[in-house]
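Structure record follows, encoded as structure tokens.
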Amino acid sequence: MAVSSILLIAAVAFLFSPAAALTCTSQTFSHKVAFTNCTDLPTLKASLHWTYDPASKPNPTLSIAFIAPPANPDGWVAWALNPTALAMIGSQALVAFKQSNGSTVVKTYNISAYGPISESKISYEVLEKSAEYSNGVFTIFAKLVLPEAEEVNQVWQVGASVKDGVPLKHAFSADNLASKGTLQLTSRSVLAPAPSPTSAAALAPQNGKNGAGSSRVGLSGLVVCGVLGVVGASILML
């Protein structure tokens, strides 16, 4: 097989590999919403979009969209704030999963101990919450009342199964155990316009430190352009 043909096959394969997956700036929502910040979280193929409004009355609010694939199609995803530590215990969690009738639900859990969990109120007032499941990915939407702060501890997680409406324990791989970090509430980025019903605008990246890890904003675009250049060159060489 000619070298040019091998290059073409390799380039096309890479284009459709997870390494060329879209970043948070290319994610869109069916809701007519936009957020001031987004970040690709460093583990579990998760991303977070958020807007912190310190001027909201009577208290500041945090609006979020958390996006992640569950460990299995019948599994669950969770995003949480922890007011006391950068850990699972103490997390005030929003957990999304599919119910037995196929509908998607998001419930709140106060993770006070290791072991089975049960639905409960959390220490943050939840003004809004909803969830969607599409193309193998959950999206949790929520709006929380927060005390005034510059940063908070966040924890995220995915699990493989739900039994009788209760999320079961997650795996304990390195990625699962590393799914935590500090979310910089007051960092700002370019504000994207609200998506239209048919064509949602790309959401803008946060500059500098993004949540729990470094942002990979714009990387996928550069990768795709590079791959397309290789493809084009390979075709000319055939």
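Points worth noting:
- Verdict on Ala65 being modelled with pLDDT of 85 or more and either open to solvent by less than 50 Å² (accessible area, probe 1.4 Å) or in contact with a His (Cβ under 7 Å, 6 or more places away or on another chain) (or both): yes
- Every condition in (1) touching a Gly at 6+ places or on another chain (Cβ under 7 Å); (2) more than 19 Å from Lys169 (Cα to Cα) is met by Pro73 except one, and the failing one is (2).
- Residues considered: Ser173, Ser130. Of these, the only one that is over 15 Å from the mean Cα position of the chain (by Cα) and either closer than 14 Å to Thr43 by Cβ or open to solvent by 30 Å² or more (accessible area, probe 1.4 Å) (or both) is Ser173.
- Failed item, numbered, when Asn135 is tested on (1) without any contact (Cβ under 8 Å) to a residue 40 or more places away in the chain; (2) more than 22 Å from Thr51 (Cβ to Cβ); (3) in contact with a strand residue (DSSP E or B) (Cβ under 7 Å, 6 or more places away or on another chain): (3)
- Per this entry, Ser100 is not counted among residues that are open to solvent by 60 Å² or more (accessible area, probe 1.4 Å), modelled with pLDDT of 95 or more, more than 18 Å from Phe29 (Cβ to Cβ) and among the small types (Gly, Ala, Ser).
- Flag for Leu81 being of a type in the set (A, V, I, L, M), in contact (Cβ under 8 Å) with a residue 60 or more places away in the chain and over 18 Å from Thr43 (Cβ atoms): no
- Any chance Glu151 is open to solvent by 50 Å² or more (accessible area, probe 1.4 Å), over 17 Å from the mean Cα position of the chain (by Cα) and over 23 Å from Thr43 (Cα atoms): no
- Residue among Ser100, Ser161, Ser179 that alone is over 18 Å from Ala71 (Cβ atoms) and not basic (Lys, Arg): Ser100
- Check on Pro58, within 24 Å of Val145 (Cβ to Cβ) and either open to solvent by 30 Å² or more (accessible area, probe 1.4 Å) or modelled with pLDDT under 95 (or both): yes
- Residues satisfying the stated conditions in segment 162-177, i.e. over 17 Å from Tyr114 (Cα atoms) and assigned to a loop (DSSP other than H, G, I, E, B): Asp164, Gly165
- Selection of segment 106-127 for residues being buried (at least 17 other Cβ atoms within 10 Å of the Cβ) and not hydroxyl-bearing (Ser, Thr, Tyr) yields Val106, Lys107, Asn110, Ile111, Ile117, Ile122.
- Meets criteria (closer than 22 Å to Asn176 by Cβ and either in contact with a helix residue (DSSP H, G or I) (Cβ under 7 Å, 6 or more places away or on another chain) or modelled with pLDDT of 95 or more (or both)) for Tyr114: no
- For the residues Ser187, Ser220, Ser196, Ser123, the requirement of being modelled with pLDDT under 95 and under 18 Å from Thr61 (Cα atoms) singles out Ser187.
The values are calculated or read from the model by the stated rules, or taken from the named source; none is laboratory data. None of these values were measured; they are calculated from a predicted model. Don't worry about glycine lacking a Cβ; one is built from the backbone with ideal geometry, like all the others, and counts go over all protein chains shown. Surface accessibility is based on the protein's heavy atoms, side chains included, excluding ligands, DNA and RNA. Shrake-Rupley method; radii C 1.70, N 1.55, O 1.52, S 1.80 Å.
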